[in-house]
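Engineer: The structure under discussion is supplied below as structure tokens; questions concerning it will follow.
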Amino acid sequence: MQASFEALQLSPALTAVVHDLGYTQPTPIQIEAIPALLAGRNIIGQSQTGSGKTAAFALPILQGIEVDRRQLQALVICPTRELTAQVGREMRKLGRDHSGLQVLELVGGQPSRPQRDTLERGAHVAIGTPGRLLDHLERGFMKPDSIKTVVLDEADRMLDMGFGDDVRKIIRYLPQNRQTALFSATFPSTIEAMSKEIQQEALRITIETADEDLADIRQLKLCFGTDDKLLTLCWALQSHPHGSALVFCNQKSTVREITKAMSRGAISVDRFDGDLDQFDRDQVLARFRNHSVRILIATDVAGRGLDVEGLDLVINFDLPEQPEVYVHRIGRTGRAGANGVAISMIQNETDRHIEAIEEFTGQPIEILDHSASKSLKLDHLLKQLAEGPKMETILISGGRKDKVRKGDILGALTGEAGGLSGKDIGKIEIQDKLSYVAVSQRVISDAVSCLNAGRIKGKRFRATHVGR
Ligand code: ADP
Ligand code: MG
């Protein structure tokens, strides 16, 4: 089912306006926030920039405005003049069928007098920056008693800009039984503290944004039925040539089992799950990024913030419970216009999780025919998967803080002292206090000894071969 404005309890008049404006569907934050605000709740609405937060509060405000009462009924506090103007524009646009509606912008850097006159004539909605709003309140030009709703827009920015105290003072002028809504792109602890101060029983709405674009990803589902699941996984890996592949499982125990079973071959595989300590996590990810590990078996702890060049295959050994997680997982592939493949293993075609995912993304997932796997043996597949050149990783005990740069490491390995060929050196990653360099498997011990024997930037560092 597709979301519609009709389902949000907006008046027919407002629903008609949004359709006229070409808003065919409400955005996720609008779907959650509009009914809550219409029901009178206090909310914290968090979603990324550009996700339609303005209409999420402007529509409920407009619905509650009694135009015949020439009194101030809603107040929107914005961090800057530009944002005030933007919110004003959107509010007027959405309120164009409320004839007689007065929306007033109250910002600093402009004469106060005309603002005061308009306030006296009676505006319904005031939008403004904290300093000027407070000024009008303190001088008694703005009458806050009939305000029903107050919105802090871009609350995180407002606090960053040091407007916290002004905002608190403004709030103290407002009626106790008001509705308070806080909108923000992020949710730092300062926002949480502010919410506790000015809101009661606030409903927190967080929209996890699937910022990943799935357009370049070929999505497949593989029904393994009664076939051996591990063998089917290996077949899927083998029949989809990849630079790097990420295999997601829901449980740590599954991650361990698969990694162990696949490690029997000479496959470049490792695991990543919540049981690893921070150091090991960093190391595994560095090895995955530099292609010393070609297949990473992981739980969702690896899903976030993992940006691996050449990651072109993601396999869901288990499907996640939530469709959002699916999008996060497969969004790791097909970065920067490269094509990726995402394969989801399901026991049968009517799996309710896959149906929920298709509904969520609005994209059908093709069936992957795996009849070719049926005659194959696991050992044979493991052997095939182990073919091809291999890289290994060396950890060097110096990094950016020691002024170590990529060129220094490359020089140490390929220069007169090192004597290795450049084509045996892979990715070099410099971190604050350590560095990783990938080298071909066949030169690994030479590379380690030469790094330990030589100097980088005139200093000695320890080099160790890291891996399973
Ligand atoms: P945010 O405050 O979350 O950064 P905005 O409220 O500024 O986002 O909205 C971004 C843009 O999206 C605006 O141009 C707005 O007019 C438009 N917009 C808002 N809601 C919808 C919708 N349901 N459908 C299409 N466009 C929308
Ligand atoms: Mg906004």
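Engineer: Please enumerate the residues belonging to the stretch 94-108 that are within 37 Å of the chain's Cα centre (by Cα) and within 28 Å of G164 (Cα to Cα).
Structural biologist: Across the stretch 94-108, the qualifying residues are V103, L104, E105, L106, V107, G108.
Engineer: Can you name every residue in the stretch 42-59 that is over 25 Å from H136 (Cα atoms) and not in a loop (DSSP other than H, G, I, E, B)?
Structural biologist: I43, I44, G45, Q46, K53, A55, A56, L59
Engineer: Okay, next question. Which numbered condition trips up K403, out of (1) basic (K, R); (2) closer than 21 Å to C234 by Cβ; (3) under 35 Å from the mean Cα position of the chain (by Cα)?
Structural biologist: Unmet for K403, out of (1) basic (K, R); (2) closer than 21 Å to C234 by Cβ; (3) under 35 Å from the mean Cα position of the chain (by Cα): (2).
Engineer: Of everything in the stretch 250-289, what is in a loop (DSSP other than H, G, I, E, B) and touching a Ser or Thr at 6+ places or on another chain (Cβ under 6 Å)? Give them in sequence order. Step through it out loud before you land on a result.
Structural biologist: First pass over the stretch 250-289, keeping only residues in a loop (DSSP other than H, G, I, E, B): 250-251, 264-268, 273-277.
Answer for the stretch 250-289, where residues must be in a loop (DSSP other than H, G, I, E, B) and touching a Ser or Thr at 6+ places or on another chain (Cβ under 6 Å): just D273.
Engineer: Still on this model: Any chance you could count how many residues in the stretch 66-81 are open to solvent by 10 Å² or more (accessible area, probe 1.4 Å) and either closer than 16 Å to A155 by Cβ or outside any loop (DSSP other than H, G, I, E, B) (or both)? Can you show your working first?
Structural biologist: First pass over the stretch 66-81, keeping only residues open to solvent by 10 Å² or more (accessible area, probe 1.4 Å): 66-72, 80-81.
Imposing the further condition that a residue be either closer than 16 Å to A155 by Cβ or outside any loop (DSSP other than H, G, I, E, B) (or both) reduces the set to 80-81.
Residues meeting the conditions: 2.
Engineer: I29 - would you say it is in contact with a helix residue (DSSP H, G or I) (Cβ under 7 Å, 6 or more places away or on another chain) and away from ligand 2 (no atom under 14 Å from the Cβ)?
Structural biologist: In short, no.
Engineer: Within the stretch 132-151, can one find any residue that is within 16 Å of ligand 2 (Cβ to nearest atom), part of a helix (DSSP H, G or I) and open to solvent by less than 10 Å² (accessible area, probe 1.4 Å)?
Structural biologist: no
Engineer: So, one more: Has the stretch 223-230 got any residue that is touching a residue at least 12 places away in the same chain (Cβ under 8 Å), among the aliphatic types (A, V, I, L, M) and not assigned by TED's automatic domain parsing to the domain that holds I31?
Structural biologist: For the stretch 223-230, residues touching a residue at least 12 places away in the same chain (Cβ under 8 Å), among the aliphatic types (A, V, I, L, M) and not assigned by TED's automatic domain parsing to the domain that holds I31: present.
Engineer: If you don't mind, there's one more thing I want to ask. Looking at this structure, is R116 open to solvent by 10 Å² or more (accessible area, probe 1.4 Å) and either within 16 Å of ligand 2 (Cβ to nearest atom) or part of a helix (DSSP H, G or I) (or both)?
Structural biologist: yes
Engineer: Which residues, counting only those in the stretch 82-104, are within 16 Å of ligand 1 (Cβ to nearest atom) and open to solvent by less than 70 Å² (accessible area, probe 1.4 Å)?
Structural biologist: Once the filter is applied, which keeps residues that are within 16 Å of ligand 1 (Cβ to nearest atom) and open to solvent by less than 70 Å² (accessible area, probe 1.4 Å), the stretch 82-104 yields L83, T84, A85, V87, G88, E90, M91, L94, G95, V103.
Engineer: If we scan the stretch 46-65, do we find a residue that is surrounded by fewer than 15 Cβ atoms within 10 Å (Cβ to Cβ), over 30 Å from the mean Cα position of the chain (by Cα), away from ligand 2 (no atom under 16 Å from the Cβ) and among the β-branched types (V, I, T)?
Structural biologist: Within the stretch 46-65 (the criterion being surrounded by fewer than 15 Cβ atoms within 10 Å (Cβ to Cβ), over 30 Å from the mean Cα position of the chain (by Cα), away from ligand 2 (no atom under 16 Å from the Cβ) and among the β-branched types (V, I, T)), the answer is no, since none of the residues qualifies.
The values are calculated or read from the model by the stated rules, or taken from the named source; none is laboratory data. Note that this is a predicted model, so its numbers are computed, not measured. Quick reminder, even Gly has a Cβ in these numbers, built from the backbone with ideal geometry, and neighbours come from all protein chains shown. Each accessible area value is taken on the protein alone, full model and side chains, heavy atoms only, with ligands, DNA and RNA left out. Shrake-Rupley method; radii C 1.70, N 1.55, O 1.52, S 1.80 Å.
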